[in-house]
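Accompanying notes for the structure given below.
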Protein chains: 2
Amino acid sequence: MKRRITIAKSSGFCLGVQRAVEMALESAKKYGEVQMLGEIVHNETVIEILKNAGVRIVKSLDEVDSAKPVLFRSHGTPKGIRETARRSGLKVIDATCPLIIHIHKVAQKLEADGRTVIVIGDKGHDEVTAIVSDLANSIVVSNIQDAESLPRIRKAGAVAQSTQDIEQVGKIMSKIVEKVEDLRFINTICNPTRDRQRQVIKLASSNDIMLIIGSRTSANTKRLAAIASAINPKTFLIQNVDELNPDWFEKARTIGISSGASTPAESIEEVKKKIARFSS
Amino acid sequence: MKRRITIAKSSGFCLGVQRAVEMALESAKKYGEVQMLGEIVHNETVIEILKNAGVRIVKSLDEVDSAKPVLFRSHGTPKGIRETARRSGLKVIDATCPLIIHIHKVAQKLEADGRTVIVIGDKGHDEVTAIVSDLANSIVVSNIQDAESLPRIRKAGAVAQSTQDIEQVGKIMSKIVEKVEDLRFINTICNPTRDRQRQVIKLASSNDIMLIIGSRTSANTKRLAAIASAINPKTFLIQNVDELNPDWFEKARTIGISSGASTPAESIEEVKKKIARFSS
């Protein structure tokens, strides 16, 4: 049986992650070592490569050796930590994704306009935590229940975490409008995320099987898998090539593949090659 | 069998209609006659009373006797007609509901801010037609399909027709957010409408039968009936007391009653009295 494997055009690293990984590798080379505050991406393979190149993961600024630079990763870094690093005179390499910096600015502008800022995103997610740290007052809304329990607000501004599913954000917004008299919503879901989600919808609906490759700790990966599953029940989320199960492919003629924003293109290639080797 | 009849607190004329009817009656008295441009309310009984008091209905400015004043009704009047009346030196009595004037102003402000204005409302409804007449460019969105067929817009502002159902507006907004990068929504659904809808929801869920009294040509009346029907299948829309059917009440112990914004309190009282007279 001949199988057709289609890989989503928008797969592999997103630009923000690509940029951050490159900055980490360059800095490690230039300074002998760079100290990364938290894991730059939720992907074990990538972390391993970075470690071998001289990127050391530190959990907090307390662990930092002030002789070597500190790298702020793509998700963004809370205000308190940014200020402590500045006060301590640390050399900082800021690899925050420019699209996420844009969300911080937009949210602050909405606040300056006298609006209560609503961040539609995952509570506790690093990106959301950093956005909120730049605001005096904000409310994180993760789901419809959160939106329904909002108080009445006269003026609010809403932004979305860059990797949210727009359809889910729409459902949340349908409830937020009931609570706010004057609401401004800046759609900060990044274009790469939109493209990725659109292509997953397309692939999941036109293939027998849909594979999403990425870490189970990655919110954007899980979101892609949820979007695909709603369309195609034969959707599988795998962390890497080792999790592939030949049984899935028994009757499958067409296979679609996409990945989370922190999954390198190499992981996708490995999966593709292994599927091609399955006897049919 | 003892029946309990509960009349919604927010029923009978809304304030805007009450005010317009009073202005019409006062002007007719003061000037001997007043010429009303279109029907002031979608209610046959009220129109009859007004006619008898000297309020003459004209379909367009061409029919107007310039010696007598013209009354602009509560829904608002299109810009072209307002300007023609001014140019012709007609005496105008403007009974436009202040809350609807507010929507016109908000929509114009959104347009001045460089936003494409989206009016969430019923296409062809007099209120919507008048709002749109004050804008250079606008889009009327009546349902989810309209929202889905919107083009991509960078900056948009949205307002709602004063008597829309907020839940339905929320559903429409969930689709609009997918199309607009920077969206400002001013919730212009008037408080009397919200109160009326909230009370209908409450009454429809706590009574065996729900009656909505009002004209079948009134959009806000039909909306109340739709809201009630979704909760209580034993919802009946009646134009007046003559349409009451004793069969509906056979097993009913509790009855909730509300009305559209153009239904006078007297019509509700008549219905209540007639139900009380049904043998059980």
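Residues checked against (1) modelled with pLDDT of 95 or more; (2) farther than 19 Å from A:Ala219 by Cβ; (3) in contact with a strand residue (DSSP E or B) (Cβ under 7 Å, 6 or more places away or on another chain):
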site: A:Leu71; (1), (2), (3): yes, yes, yes
site: A:Leu90; (1), (2), (3): yes, yes, yes
site: A:Asp94; (1), (2), (3): yes, yes, yes
site: A:Ile100; (1), (2), (3): yes, no, no
site: A:His104; (1), (2), (3): yes, no, no
site: A:Leu110; (1), (2), (3): yes, yes, yes
site: A:Arg115; (1), (2), (3): yes, yes, yes
site: A:Val119; (1), (2), (3): yes, no, yes
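Where helices (runs of 4 or more DSSP H) sit wholly within the stretch B:125-191, those with at least 2 residues that are more than 14 Å from every other protein chain (Cβ to nearest Cβ) occupy B:126-133, B:144-148. Scanning the stretch B:244-280 for residues that are part of a loop (DSSP other than H, G, I, E, B) and touching a Ser or Thr at 6+ places or on another chain (Cβ under 6 Å) gives B:Gly260, B:Ser262.
Looking across the stretch A:64-107, just one residue is in a helix (DSSP H, G or I), open to solvent by 20 Å² or more (accessible area, probe 1.4 Å) and of a type in the set (Gly, Ala, Ser), and that is A:Gly80. Residues that are away from chain B (no Cβ under 14 Å) and farther than 28 Å from A:Lys2 by Cβ do occur in the stretch A:248-261, at least one of them.
In the stretch B:230-242, the condition of being open to solvent by less than 20 Å² (accessible area, probe 1.4 Å) and either in a helix (DSSP H, G or I) or at pLDDT below 90 (or both) is met by no residue. When the criteria are applied in full, B:Ser206 meets the requirement of being polar (S, T, N, Q) and over 16 Å from the mean Cα position of the chain (by Cα). Per the listing B:Val200, B:Val177, the residue uniquely crowded, with 24+ Cβ neighbours inside 10 Å and closer than 30 Å to B:Asn245 by Cα is B:Val200.
Enumerate the pairs (first residue in the stretch B:28-39 and over 17 Å from B:Ile81 (Cα atoms); second residue anywhere and among the charged types (D, E, K, R) and surrounded by fewer than 15 Cβ atoms within 10 Å (Cβ to Cβ)) with beta-carbon separation below 7 Å, excluding pairs fewer than 6 apart on the same chain, so at least 6 apart or on different chains. The qualifying pairs do not exist here.
The values are calculated or read from the model by the stated rules, or taken from the named source; none is laboratory data. Note that the coordinates shown come from a computational prediction; the quantities given were computed from them, not determined experimentally. Cβ sites come from the backbone with ideal geometry, for glycine too, and all protein chains shown count toward neighbours. Accessible surface is based on the protein model in full, side chains and every heavy atom, while ligands, DNA and RNA are left aside. Shrake-Rupley method; radii C 1.70, N 1.55, O 1.52, S 1.80 Å.
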